[in-house]
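Enquirer: If you scroll down you'll find the structure; I have some questions about it.
The values are calculated or read from the model by the stated rules, or taken from the named source; none is laboratory data. Not measured: the values here are computed from a predicted model. Positions of Cβ are backbone-derived with ideal geometry, glycine not excepted, and every protein chain shown enters the neighbour counts.
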Amino acid sequence: MARFRGLSEAQERVFEQIAIGNDRGHHPRTLDSLLEKKIIERYAQFIGGWPPMTINRYGVPIPVHIEWCKWSSEKEAGNEE
């Protein structure tokens, strides 16, 4: 699971928060670094009202989430690849 090796504590923390649906209030540079590593995705969400606006939201693709769960369990067991 080389894609997760080398993540900083901040990157891990933000990734975990996004993985559970908390994608707001994170530092833009941390989000950009996770986007560059292709472990999160950005998508637009339209918010109605006046004035109408669009905000960026973030999510973890399912295959990456599955890989993260496996990597995390191996890391906890001391069997990190």
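Enquirer: Those residues that are in contact with a strand residue (DSSP E or B) (Cβ under 7 Å, 6 or more places away or on another chain), assigned to a helix (DSSP H, G or I) and surrounded by 15 or more Cβ atoms within 10 Å (Cβ to Cβ), I need them from the stretch 1-59; list them, please.
Expert: The answer is 18, 31.
Enquirer: Could you tell me whether any residue of the stretch 27-50 is farther than 20 Å from residue 62 by Cα and touching a Pro at 6+ places or on another chain (Cβ under 9 Å)?
Expert: yes
Enquirer: Then there is this: Return the pairs, sorted by first residue and then second, in which the second residue is charged (D, E, K, R) and surrounded by 14 or more Cβ atoms within 10 Å (Cβ to Cβ), the first residue lies in the stretch 53-79 and is under 18 Å from residue 34 (Cβ atoms), the beta carbons are less than 8 Å apart, and the residues are 6+ apart or on different chains.
Expert: Qualifying pairs under 8 Å: 57/23; 58/23; 58/41; 59/23; 59/41; 60/41; 61/41.
Enquirer: Quick one: residue 67 ticks every box in (1) at pLDDT 95 or above; (2) part of a helix (DSSP H, G or I); (3) surrounded by 14 or more Cβ atoms within 10 Å (Cβ to Cβ) bar one, so which box is it?
Expert: The one condition residue 67 does not meet is (1).
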